[in-house]
Amino acid sequence: MKTVLTIAGFDPSAGAGVLADIKTIGAFGCFGVAAVTGITEQNTLGVFGARGIEPELVSRQIKVLLEDFHIAAAKTGMLPTPECVMAVADALSEARIRNLVVDPVLRSTSGYLFADSGVIDALVKYLFPLASLVTPNASEAALITKIDVKDIESMERAARAIVDLGVRAVLVTGGDLEGGMATDVLVTSDRTVAISEEKVASINTHGTGCALSSAIACLLAMEGSLEESIRKAKRYVAEAIRTAPGLGKGRGPLNL
């Protein structure tokens, strides 16, 4: 059984963050371990507050796991401060983890800022160079690149701009954009691929980015190719939305 590490925030409603990641990792037959980077106050109605964990404690969580487990893949989510980004990057670079998926969680769908000023620069400098794949949504890609991301063409331009920062591969996800298809754009140094699924009409989409990045990490851990891992993970998320249990009074959790 492959062990997959998630480094992310804690969502008490279990729709996103480490709890959603662990459920996804288990669904793919892997064993999930977690380092918590922050505690949030949120439910299906929105995010009402958050507090970051001290970078030293985040680093120690990661290091004790690395000492005890062989980590086949890792993913990162909410990293609230530049110091936290640096602590995570230091710990992961020492471990030389082969498969690292970086989900640059910067802002919730409801508009709550999860990241302090300086986090984007820290991600670009310290964590992106370690990543096998970076998975911003359209809003996050716009924040990183200052490009207005609103369609497939601008998704590609933003992804290419992030690759040009020294990233091996970028997947800009477009599920939040208008249209009947949920199209993501994968860009590497030598190719561009648009990956589409029919959009599921549902308000139960809380934690889709967390589930997608965790699923990709699991599939990479099982030696899948990057493109096929993305395609399988995307189908998994679509089905998780389609079969969502309809819990809560707002944007409900997926069926992970």
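The values are calculated or read from the model by the stated rules, or taken from the named source; none is laboratory data. Please read these numbers as outputs of a predicted model, since none were measured by experiment. Methodologically, a virtual Cβ is constructed for each residue, glycine included, from the backbone with ideal geometry; neighbour enumeration extends over all protein chains shown.
Residues considered: 211, 238. Of these, the only one that is more than 20 Å from residue 162 (Cβ to Cβ) and crowded, with 22+ Cβ neighbours inside 10 Å is 211. Strands (runs of 3 or more DSSP E) fully within region 40-138 that include at least 3 residues being in contact with a Cys (Cβ under 9 Å, 6 or more places away or on another chain): 71-76.
Of the listed requirements (1) in contact with a strand residue (DSSP E or B) (Cβ under 7 Å, 6 or more places away or on another chain); (2) touching a residue at least 40 places away in the same chain (Cβ under 8 Å); (3) not acidic (Asp, Glu), residue 36 misses just one: (2).
Scanning region 47-70 for residues that are farther than 14 Å from residue 5 by Cβ, among the small types (Gly, Ala, Ser) and either surrounded by fewer than 12 Cβ atoms within 10 Å (Cβ to Cβ) or out of contact with any Gly (no Cβ under 7 Å at 6 or more places or on another chain) (or both) gives a single hit, 49. Just one of (1) touching a strand residue (DSSP E or B) at 6+ places or on another chain (Cβ under 6 Å); (2) buried (at least 24 other Cβ atoms within 10 Å of the Cβ); (3) more than 24 Å from residue 2 (Cβ to Cβ) fails for residue 77. It is (3).
Residue count for region 131-141, restricted to those that are of a type in the set (A, V, I, L, M) and either touching a Pro at 6+ places or on another chain (Cβ under 8 Å) or at pLDDT below 95 (or both): 2.
Within region 184-194, can one find any residue that is touching a Lys or Arg at 6+ places or on another chain (Cβ under 6 Å), within 23 Å of residue 9 (Cβ to Cβ) and buried (at least 17 other Cβ atoms within 10 Å of the Cβ)?
Pass one, region 184-194, residues touching a Lys or Arg at 6+ places or on another chain (Cβ under 6 Å): 187.
Going one step further and asking which of them are within 23 Å of residue 9 (Cβ to Cβ), we end up with none.
The answer is no, given that none of the residues of region 184-194 is touching a Lys or Arg at 6+ places or on another chain (Cβ under 6 Å), within 23 Å of residue 9 (Cβ to Cβ) and buried (at least 17 other Cβ atoms within 10 Å of the Cβ).
Looking at region 143-256, what helices (runs of 4 or more DSSP H) fall wholly within it and have at least 3 residues that are on the phi < 0 side of the Ramachandran plot and more than 18 Å from the chain's Cα centre (by Cα)?
Working: elements: 152-163, 208-221, 226-242.
Counting at least 3 such residues, we get 152-163.
Among 18, 4, which is in a strand (DSSP E or B) and in contact with a helix residue (DSSP H, G or I) (Cβ under 9 Å, 6 or more places away or on another chain)? Even if it seems obvious, please write down each step before you answer.
Values: 18 fails: in a strand (DSSP E or B).
Just one listed residue meets the conditions, 4.
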